[in-house]
Amino acid sequence: MDKIVQYLTNNFGQTFTNGTKKEIADIINALSREEIGELRYRLFNEARRLELTNGGQQALFWLQNCFDLIGEYKFSMHRVLFSPGTYILESISDLLKQTQKTLDICVFTITDERLASDIFDCFQRGIKVRIITDDDKMYDHGSVIKDLYNTGIPIKIDHSQYHMHHKFGIIDSRIVFTGSFNWTYSASKHNQENLLITTNFDIVSQYSEQYEILWKEMFRL
């Protein structure tokens, strides 16, 4: 973050949104919501300091440019996908491959070994992985739940005559994907399905809260 503040301060008085170094853009893109807030706070204080030496209007112009730059390069994703076809499968797979810290999965069933392999790869990379799934569906032909459990991944299930029918996942506490899509071969090859991917903070927060509620209520495999 120090590098960003220094870069922006060095460009005081300039419009730099179109000529930003890729290194700076990549750093901003990797920041969490909390870090973005801290960065804005530091830039505001820097603008107050610059105001004393360079004039209020110019400092305000610089601060607005800084905030515009953050808005341009901060991490954001909002997509809606549909199947049949491999587009949803490939998009989920790409998200799992880019996971850096945590992966919370809450899905009705998992029989697609391609996605199971991506989950296991996350676990091997040191990602904190948790899975919630339906107790009945884990006994379906082709279910990979027991295999994932045997690798050491924490898994919880319901014990109910009804189904744990959710289909959503949370990545690094900043991406949610949800929709009708089941993690099965049929879902990507034949079924009419949908998937929404978003980084909207309020939506991610609500899904995260619900996941923790479910995790406490469910039973360990």
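The values are calculated or read from the model by the stated rules, or taken from the named source; none is laboratory data. Quick caveat: nothing in here was measured; it's all calculated off a predicted structure. In this analysis, Cβ positions are derived from the backbone assuming ideal geometry, glycine residues included, and neighbour counts consider all displayed protein chains.
Taking into account only those residues within the stretch 165-179 that are in a loop (DSSP other than H, G, I, E, B) and touching a helix residue (DSSP H, G or I) at 6+ places or on another chain (Cβ under 8 Å), which is modelled with the highest pLDDT?
Per the criteria, the residue is 166.
Name the single residue that is surrounded by the most Cβ atoms within 10 Å (Cβ to Cβ) among those in the stretch 205-221 being closer than 24 Å to residue 89 by Cα and touching an Asp or Glu at 6+ places or on another chain (Cβ under 8 Å).
If we take residues in the stretch 205-221 being closer than 24 Å to residue 89 by Cα and touching an Asp or Glu at 6+ places or on another chain (Cβ under 8 Å), then 211 is surrounded by the most Cβ atoms within 10 Å (Cβ to Cβ).
Looking at the stretch 12-34, which of the residues that are in a loop (DSSP other than H, G, I, E, B), at pLDDT 85 or above and touching a helix residue (DSSP H, G or I) at 6+ places or on another chain (Cβ under 7 Å) is nearest to residue 98 (Cα to Cα)?
Result: 31.
Output the residue which, of all residues in the stretch 101-137 that are free of Cβ contacts under 8 Å to residues at least 40 places away in the same chain and of a type in the set (Val, Ile, Thr), is surrounded by the most Cβ atoms within 10 Å (Cβ to Cβ).
Per the criteria, the residue is 133.
Got at least one residue in the stretch 94-114 being part of a helix (DSSP H, G or I), polar (S, T, N, Q) and farther than 15 Å from residue 176 by Cβ?
no
Quick one: is residue 91 touching a residue at least 24 places away in the same chain (Cβ under 8 Å) and assigned to a loop (DSSP other than H, G, I, E, B)? Can you show your working first?
Numbers: touching a residue at least 24 places away in the same chain (Cβ under 8 Å): yes; assigned to a loop (DSSP other than H, G, I, E, B): no.
When the stated conditions are applied, residue 91 does not pass them.
For the stretch 56-115, what are the residues that are out of contact with any helix residue (DSSP H, G or I) (no Cβ under 8 Å at 6 or more places or on another chain), hydrophobic (A, V, I, L, M, F, W, C) and within 23 Å of residue 157 (Cα to Cα)?
The one that is out of contact with any helix residue (DSSP H, G or I) (no Cβ under 8 Å at 6 or more places or on another chain), hydrophobic (A, V, I, L, M, F, W, C) and within 23 Å of residue 157 (Cα to Cα): 107.
What single numbered condition from (1) aliphatic (A, V, I, L, M); (2) more than 21 Å from residue 201 (Cα to Cα); (3) part of a strand (DSSP E or B) fails to hold for residue 153?
(3)
Within the stretch 184-204, restricting attention to residues that are part of a helix (DSSP H, G or I) and under 11 Å from the mean Cα position of the chain (by Cα), which residue is surrounded by the fewest Cβ atoms within 10 Å (Cβ to Cβ)?
Result: 201.
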